[in-house]
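Input: a single structure, listed below in structure tokens.
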Amino acid sequence: MEIKGKFLKALPAQTGQGRSGEWKKQGFVIELEGTYPKKVHFQVWNDKVNVDGLVTGAPVNVFFDPESREFQDKWYTDLTAWRVDVDTAVNSIAPEPSSLPNPEPFPGPSTGSMDEQPKDDLPF
């Protein structure tokens, strides 16, 4: 799956020892765009993705696999990222604020009276 958002922060890395050797896990958080922005936590395992080099506020595309598991009648969901790309297309498409045209002023309410308007302005 793929999701786009704004990189917020990288969380501290965790390490440990397992049956197959040493492992490393690191989490990071992005914020989704929209009227009501949502924050989403992802994790990366070992050295598949280096999130320490990402800049706060950078637009990113995150490729991930969701996985849920049950433990004592409770469900837990992990979003494991396997690729994170900085979305450079967002910055190249957005116009510079100085290049935007000045908006036309919105016409205010009419100062005329009701008698000045035509009586037969109904479409039927």
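Readers should treat all values here as calculations from the given coordinates under stated rules, not as data from a laboratory. What you see is a predicted model; the values in this text were computed from it and never measured. Reconstructed Cβ throughout: ideal geometry from the backbone, glycine too, with neighbour counts over all protein chains shown.
Each Lys or Arg adds one and each Asp or Glu takes one away; over the other residues whose Cβ falls under 11 Å from the Cβ of GLU31, this sums to +4. Take every DSSP beta bridge whose two residues both sit in region 2-95; close to 95 percent of them are antiparallel. Taking a sphere under 13 Å around the Cβ of PHE7 and counting the other residues whose Cβ falls inside, with K and R at +1 and D and E at -1, yields a net charge of -1.
Within the same chain, lysines fewer than 8 places from LYS39 are excluded, and of the rest, those with a Cα less than 26 Å from its Cα are LYS4, LYS6, LYS9, LYS24, LYS25, LYS48, LYS74. For region 63-68, 3J(HN,Hα) computed residue by residue from phi via the Karplus equation (6.51, -1.76, 1.60; θ = phi - 60°) reads 9, 8, 10, x, 8, 10 Hz, glycine and proline entered as x. For region 38-74, the residues whose amide N sits under 14 Å from a probe point set 7 Å from the Cα of GLU31 along the beta carbon direction are 38-41, 56-60. Peptides 14-21, 49-56, 29-36, 79-86 ordered by packing proxy, namely the average of other Cβ atoms within 10 Å per residue, highest first: 79-86, 49-56, 29-36, 14-21.
For region 2-95, compute Rh as the Kirkwood radius over C-alpha pairs and then the Stokes-Einstein diffusion coefficient at 10 °C and 1.306 mPa s; write the answer in µm²/s, rounded to an integer. It comes out at roughly 109 µm²/s. Net charge dipole, region 2-95: roughly 180 debye, given to the nearest 20, about the Cα centre with Cβ charges of +1 for Lys and Arg and -1 for Asp and Glu.
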